Amino acid sequence: AQQPGTPLSKQEYYEFFRFLSVAHHASTACLLRALYGCHHPLVQRLDKYENHGVIPEGPICSELRGIPSFPDFCTFSFYRCIRKRYFIKV
């Protein structure tokens, strides 16, 4: 079992985003995030699921060249939505 607050493994990400594999579904999830923000219960549920039950607090480190961190998980998630890079891990 993973530690609470850690990102999903590659297989877990596959399962997590499997229902979002069609661009329409992914954009719908991102639209929810854009419309309601990170405090919406459904958005928080997805964020918690993605991070083994805990939404990480504070700065989020990334694997992105040139962008080593984000101020919080919400900002990181918005970035992934805008760039359509759903599998970027922290």
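At-a-glance table
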item	result
Residue that is modelled with the highest pLDDT, among those in region 47-90 that are assigned to a loop (DSSP other than H, G, I, E, B) and closer than 16 Å to C30 by Cβ	K84
Pair list, Cβ under 9 Å, 6 or more apart: region 44-68 residue loosely packed, with under 12 Cβ neighbours inside 10 Å, other residue at pLDDT 85 or above and part of a strand (DSSP E or B)	P68/C61
Members of region 9-46 found to be outside any helix (DSSP H, G or I) and at pLDDT 85 or above, listed by number	S9, G37, C38, H39, H40
Region 1-26 residues that are over 17 Å from P56 (Cα atoms) and surrounded by 14 or more Cβ atoms within 10 Å (Cβ to Cβ), paired with ones that are modelled with pLDDT under 85 and of a type in the set (G, A, S) (beta carbon under 7 Å, 6 or more apart)	L20/A26; L20/A29
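The values are calculated or read from the model by the stated rules, or taken from the named source; none is laboratory data. Please read all numbers here as calculations on a predicted model, not as lab measurements. Every residue, glycine as well, gets a Cβ built from its backbone with ideal geometry; the counts of neighbours run over all protein chains shown.
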